[in-house]
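The values are calculated or read from the model by the stated rules, or taken from the named source; none is laboratory data. Just so we're clear, the structure is a prediction, and the values are computed from it rather than from any experiment. Neighbour counts run over all protein chains shown; Cβ positions are idealised from the backbone, glycine included. Ligands, DNA and RNA are excluded from the accessible area calculation, which covers all protein heavy atoms including side chains. Shrake-Rupley method; radii C 1.70, N 1.55, O 1.52, S 1.80 Å.
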Amino acid sequence: MTYTSELRNFDRELHASEALTTGGLSPASLVGAYVDWAIHLVNQPGRRLALAQEAWEDGFTMWKGFLGISHEKPCAPKSGDHRFDYAGWQHHPYSLIKQAFLSAEHWWESATVNVQGVSANHERIVSFTARQLLDMLAPSNNPFLNPEVLAVTMAQRGENIRTGLEHFLDDLAVSLQQESAPLPLQPGKEVAITAGAIVFRNHLIELIQYAPKTDLVRPEPILIVPAWIMKYYILDLRPEDSLINFLVQQGYSVFCISWRNPGPADREINLEDYRKLGVMKAIDAICAITGSQKLHATGYCLGGTLLAVAAAAMARDHDPRIASITLLAAQTDFTEAGELQLFINEAQLAFLDDIMWQRGYLGAKQMAGAFQMLRSNDLVWSRLVRRYFLGLEDEPNDLMSWNMDATRMPYRMHSEYLWHFFQNNNLAEGRFPVAGRPISLNDIEVPFFVVGTETDHVAPWRSVHKIHLLNAGAISFVLTSGGHNAGIVSEPGHANRRYKFHERRRHGKYLGPDDWLQVATPFEGSWWPAWARWLNNHSSAATQPPAMGKTDAGYKPLCAAPGTYVLQR
């Protein structure tokens, strides 16, 4: 019997239905991972004996501490785990409950990692799912076991529970209506308010040109390519923490791409469309508007990966319009791509393809859910405790509001992105095709300024650092405090900011991440001024700013920034 398109579509529909109960995770991938882990653990009686001994010793230590006959140091929460910060957790019986949970958490970590013979991908899946289950079962999530919830409930005579129920019903109503929750801060009103105009629009992008704030500007404009997985205004929040506003104040003509939020009709838009209709059309427009033959190109997250692809193709094709490249938390090699690798294997990607095929896109909630799972303590469970049990309102800061403003990914493009980069690492290994021919990042001869962040779960800094292996040119590398978002949105004056900096000159010797840490120079404060100095060193003398748009070249200002695409939800 022939496996017809009708039968193939039946399988796709089945997989899309299964995703509703698995959270988008492939059942085959989950079962395969646990079978691999269980078989190898069963066949290692010595390892199981060690785990049994560890469980006994942890339990015995815990009880001795509870009875006051031991001063051995108990299990402590990991750095960044704030679930047990409340003082009540230090007193009985809550201290015993906390220690029992932390001991169990530590034991399961020992049981699920470094089991000899288990594949790295399967180990990540087993460890991750075990951690998710433990996070869900944490005593801090139980109102009858959480001393803070009990104390607040007594003090407020249950008013917090009533308020929490109202919050729950409000959230449930939004969820059942399949609508996006209203944003606390609106683009164009409280955020994304740097003055500018939309000077070009096609089906995929709106190009924003920002109004100058200095009498003179550098002749080389800056193009910012944000990730299409997010709204661009992560880089233009409030004026005081807007990277775009900062660059304009430094005397640069700044342009930024605002991506369309695609729907079902955009299912066949592919990665090449994002390069041609996005990056290349933006470069054409910027050069025409400013009259400059050179520009500084900046890419953030996935936008940085796309920019690297475009720059390599331009170098191959002898297009000299890029003067420098800045990559912000952007990967070019995906062999160590962080916890997102959990979702990357052939079974999972095939399953995800079928989910996206049904709708024509990957939904914003699915994408946001994947990132929330990576930090479920902070982004899921702790929030639920605060909102539903303590009755507290979410504080509407600009970064939280932006984080709620998720986007969709077209089926074809997102599939190509995951297979080419995450699964097969084609860009780093010289197999990624542009216009039918492979590209190499080593063809790029302009200087790089690359930023990694210390606690990035999405683009780990050691992965970002691999650009040193892929390009022999001059690379100035910054490692800044913070995570994928907060490390980049690191305005001058922000408390407790620091960074390290080291420049490798063209054709300089390679330094691995650990060696780089030893030689890099530490600095206190924001890395933004260091980037501005670097840009100045690679720019020409300041001149008169260009006009907003250029009507006679076909780039008439269409509307005020932030435009219309950023408002699509």
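Could you look through region 246-268, keep only residues that are surrounded by fewer than 23 Cβ atoms within 10 Å (Cβ to Cβ) and closer than 20 Å to Arg569 by Cα, and pick out the one that is nearest to the chain's Cα centre (by Cα)? This residue is Asn261. Among the candidates Thr112, Thr129, Thr163, single out the residue that is crowded, with 19+ Cβ neighbours inside 10 Å and of a type in the set (Val, Ile, Thr). The unique qualifying residue is Thr112.
For region 3-27, the tally of residues that are touching a Gly at 6+ places or on another chain (Cβ under 9 Å) and open to solvent by 50 Å² or more (accessible area, probe 1.4 Å) stands at 1.
For residues in region 415-430 being free of Cβ contacts under 8 Å to residues at least 60 places away in the same chain and out of contact with any strand residue (DSSP E or B) (no Cβ under 6 Å at 6 or more places or on another chain), which is surrounded by the most Cβ atoms within 10 Å (Cβ to Cβ)? Outline the logic, then answer.
Here is the first cut: in region 415-430, the ones free of Cβ contacts under 8 Å to residues at least 60 places away in the same chain are 424, 426, 429-430.
Checking the rest, the ones that are also out of contact with any strand residue (DSSP E or B) (no Cβ under 6 Å at 6 or more places or on another chain) come to 424, 426, 429.
On the way: Asn424: 14, Asn426: 17, Glu429: 13.
Looking at the filtered set, the residue picked out is Asn426.
Leu295 - would you say it is in contact with a helix residue (DSSP H, G or I) (Cβ under 8 Å, 6 or more places away or on another chain), open to solvent by less than 20 Å² (accessible area, probe 1.4 Å), within 30 Å of Ala120 (Cβ to Cβ) and of a type outside the set (S, T, N, Q)?
Details: in contact with a helix residue (DSSP H, G or I) (Cβ under 8 Å, 6 or more places away or on another chain): yes; open to solvent by less than 20 Å² (accessible area, probe 1.4 Å): yes; within 30 Å of Ala120 (Cβ to Cβ): no; of a type outside the set (S, T, N, Q): yes.
Taking the combined requirement at face value, the residue does not satisfy it.
Counting only residues that are β-branched (Val, Ile, Thr) and modelled with pLDDT of 90 or more, which one in region 114-158 is farthest from the chain's Cα centre (by Cα)?
In this case the residue turns out to be Thr153.
Of the residues making up region 247-265, those that are more than 21 Å from Ser401 (Cα to Cα) and at pLDDT 95 or above are Leu247, Val248, Gln249, Gln250, Gly251, Tyr252, Ser253, Val254, Phe255. Criterion first (loosely packed, with under 14 Cβ neighbours inside 10 Å and either farther than 24 Å from Leu25 by Cβ or among the basic types (Lys, Arg) (or both)) does Asn142 satisfy it? In short, yes. Determine whether Pro438 is surrounded by fewer than 18 Cβ atoms within 10 Å (Cβ to Cβ), at pLDDT 95 or above and on the phi < 0 side of the Ramachandran plot. So Pro438 fits the description; yes.
Any residue that is small (Gly, Ala, Ser), surrounded by 15 or more Cβ atoms within 10 Å (Cβ to Cβ) and closer than 29 Å to Glu272 by Cα - is there at least one of those in region 391-405? Steps first, please.
Start the filter on region 391-405 by keeping residues that are small (Gly, Ala, Ser), which leaves 391, 401.
Subset that is surrounded by 15 or more Cβ atoms within 10 Å (Cβ to Cβ): 391, 401.
Cutting the leftovers down to closer than 29 Å to Glu272 by Cα gives us none.
Looking through region 391-405, none of the residues is small (Gly, Ala, Ser), surrounded by 15 or more Cβ atoms within 10 Å (Cβ to Cβ) and closer than 29 Å to Glu272 by Cα.
Residue pairs whose Cβ atoms lie under 8 Å apart, separated by 6 or more positions or on different chains, with the first residue in region 399-414 and aromatic (Phe, Trp, Tyr) and the second open to solvent by 20 Å² or more (accessible area, probe 1.4 Å) and part of a helix (DSSP H, G or I), are Tyr411/Asp353; Tyr411/Trp357; Tyr411/Arg359.
Can you tell me how many residues within region 535-567 are open to solvent by less than 30 Å² (accessible area, probe 1.4 Å), over 18 Å from Pro212 (Cα atoms) and in contact with a Pro (Cβ under 8 Å, 6 or more places away or on another chain)? So the answer is 1.
Taken over region 402-439, residues that are hydroxyl-bearing (Ser, Thr, Tyr) and in contact with an Asp or Glu (Cβ under 8 Å, 6 or more places away or on another chain) amount to 2.
The one condition from (1) under 30 Å from Ala28 (Cα atoms); (2) buried (at least 17 other Cβ atoms within 10 Å of the Cβ); (3) of a type in the set (A, V, I, L, M, F, W, C) that Val149 does not meet is (1).
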